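Undergrad: I have a structure here, written as structure tokens, and I will follow up with some questions on it.
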Amino acid sequence: MGSQCYSACTIQSLNPTCPSSSSSSVIFALHKPQIHSNIIQNYTRRRIITCSSNSRRRMASVTDMNVVSSSSVEVGIQNQQELKKGIADLYDESSGIWEDIWGDHMHHGYYEPQSSVELSDHRAAQIRMIEKALSFAAISEDPAKKPTSIVDVGCGIGGSSRYLAKKYGATAKGITLSPVQAERAQALADAQGLGDKVSFQVADALNQPFPDGQFDLVWSMESGEHMPNKEKFVGELARVAAPGGTIILVTWCHRDLSPSEESLTPEEKELLNKICKAFYLPAWCSTADYVRLLQSNSLQDIKAEDWSENVAPFWPAVIKSALTWKGFTSVLRSGWKTIKAALAMPLMIEGYKKGLIKFAIITCRKPE
């Protein structure tokens, strides 16, 4: 699918469609979630219903969009401390399992459509994902134009930060809510001789500890889907970007709604709700919703593309790795909550096959 460039008149208003219910499940060690179980429990009590007409949806302003999500914003604020503790505890506990099996890149791989791949190919595919994202965003390798300062928002154990710092000779800062992740990321950077270039710290992506305009490349690889307040998340990406800087956002979305639709179907909502309960996700949004938020921050050169077909082999590979003796015993040692989440991974495959879940890349530039 070709990339799409957006103008303000082409984007539908924000439509959260996955009000999660309470669950004791914890995500398998794949992503870097940004909400805690109490958030999910409160989403059940504060279910968001989109009931505006099609014409109002098309004409909704950014202000209207923010009102739609206001209850989820309140929930996030009320439970902020518990949320941070839950995330930290989860990834303090589980990141080592992922690194042991899959290495230091905690994200999907990029594959050519219909390609036949072996398990050994997947680490190379994760590097390919980084390179494809950089290419899509037209990041220059010209020494005079390449990025010199990078932030990795939701950095995991720092795989992208270290890769980008090496590639461009840049300084990079990574943020995560997990002290164990930050410590491990720094240890790996030091071991690779990057200790003077790359640093990591515990920080909230919704309240980044950086001054305005600090980074000429703002990188978010599969962390946006875990943010309970998408508006604030995008606002922070825009705030820390330097004038002329590039933002690269790679994230899970639900499909865009057609002009005749007011919401996803009940069956689609039910599937997303199951995924939310298993993986601790807040309300989902579409690619068009993200673009609208980027536009509301006066960002330019906005492009988006659906890479769902290019990540299709990834979830089957994760399941296959979990069924090896090494993977199986690691999951068992991590406890029942992780087992329950691992058992829900086929739901992601179902969502992709049905065209409900979209793996999107969205890039833009901050005005000079």
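The values are calculated or read from the model by the stated rules, or taken from the named source; none is laboratory data. As the structure is a prediction and not an experimental result, all values here were calculated from the model. Here the Cβ positions follow ideal geometry from the backbone for every residue, glycine too, while neighbour counts run over all protein chains shown. To get the accessible areas, we keep the full protein, side chains included, count just its heavy atoms, and leave off ligands, DNA and RNA. Shrake-Rupley method; radii C 1.70, N 1.55, O 1.52, S 1.80 Å.
Undergrad: List the pairs whose first member sits in segment 126-144 and is more than 14 Å from LEU249 (Cβ to Cβ), whose second member is in a loop (DSSP other than H, G, I, E, B) and among the small types (Gly, Ala, Ser), and whose Cβ atoms are under 9 Å apart, counting only residues at least 6 apart or on separate chains?
TA: As it stands, the answer is GLN126/GLY103; GLN126/GLY109; ILE127/GLY109; ARG128/GLY109; PRO143/GLY169, since those pairs meet every condition given.
Undergrad: Would you mind finding the one in SER161, SER140, SER95 that is in contact with a strand residue (DSSP E or B) (Cβ under 7 Å, 6 or more places away or on another chain) and at pLDDT 65 or above? I'd like the intermediate steps shown before the answer.
TA: Values: SER140 fails: in contact with a strand residue (DSSP E or B) (Cβ under 7 Å, 6 or more places away or on another chain); SER95 fails: in contact with a strand residue (DSSP E or B) (Cβ under 7 Å, 6 or more places away or on another chain).
Just a single option satisfies the conditions, and that option is SER161.
Undergrad: Ok, one more. Suppose we filter GLN201, GLN186 for residues that are farther than 30 Å from SER308 by Cα, out of contact with any helix residue (DSSP H, G or I) (no Cβ under 8 Å at 6 or more places or on another chain) and polar (S, T, N, Q); which single one remains?
TA: On the way: GLN201 fails: out of contact with any helix residue (DSSP H, G or I) (no Cβ under 8 Å at 6 or more places or on another chain).
The match here is GLN186.
Undergrad: Could you check segment 209-227 and list, in sequence order, the residues that are under 30 Å from MET348 (Cα atoms) and either small (Gly, Ala, Ser) or in a loop (DSSP other than H, G, I, E, B) (or both)?
TA: Correct list: SER220, GLU222, SER223, GLY224, MET227.
Undergrad: If you scan segment 150-185, which residues turn out to be more than 18 Å from GLU222 (Cβ to Cβ), part of a helix (DSSP H, G or I) and of a type in the set (Ser, Thr, Tyr)?
TA: Within segment 150-185, just TYR168 meets the criteria.
Undergrad: May I ask you to list pairs of residues, at least six apart or on different chains, whose Cβ atoms are under 6 Å apart, with the first in segment 343-368 being more than 20 Å from MET221 (Cβ to Cβ) and the second being modelled with pLDDT of 95 or more and small (Gly, Ala, Ser)?
TA: Correct list of pairs: GLU368/GLY244.
Undergrad: In this structure, does ILE127 turn out to be hydrophobic (A, V, I, L, M, F, W, C) and within 20 Å of GLN214 (Cβ to Cβ)?
TA: When the stated conditions are applied, ILE127 does not pass them.
Undergrad: Which one is nearest to the chain's Cα centre (by Cα) among residues in segment 128-149 that are outside any strand (DSSP E or B) and small (Gly, Ala, Ser)?
TA: Among those residues, the one meeting the criterion is ALA133.
Undergrad: Shifting gears a bit: Would you list the helices (runs of 4 or more DSSP H) that sit entirely within segment 274-351 and hold 3 or more residues that are open to solvent by 50 Å² or more (accessible area, probe 1.4 Å) and within 24 Å of HIS122 (Cα to Cα)?
TA: 325-334
Undergrad: Here's something else I'd like to know. Among LEU257, LEU249, LEU194, LEU188, which is the only one that is open to solvent by 10 Å² or more (accessible area, probe 1.4 Å) and either touching a Pro at 6+ places or on another chain (Cβ under 6 Å) or outside any loop (DSSP other than H, G, I, E, B) (or both)?
TA: One residue alone meets the criteria, LEU188.
Undergrad: Count, please, the residues in segment 260-273 that happen to be in a helix (DSSP H, G or I) and open to solvent by 10 Å² or more (accessible area, probe 1.4 Å).
TA: Taking segment 260-273 as the starting set, the residues that turn out to be in a helix (DSSP H, G or I) are 266-273.
Now drop any that are not open to solvent by 10 Å² or more (accessible area, probe 1.4 Å), which leaves 266-271, 273.
Residues in segment 260-273 being in a helix (DSSP H, G or I) and open to solvent by 10 Å² or more (accessible area, probe 1.4 Å): 7 in total.
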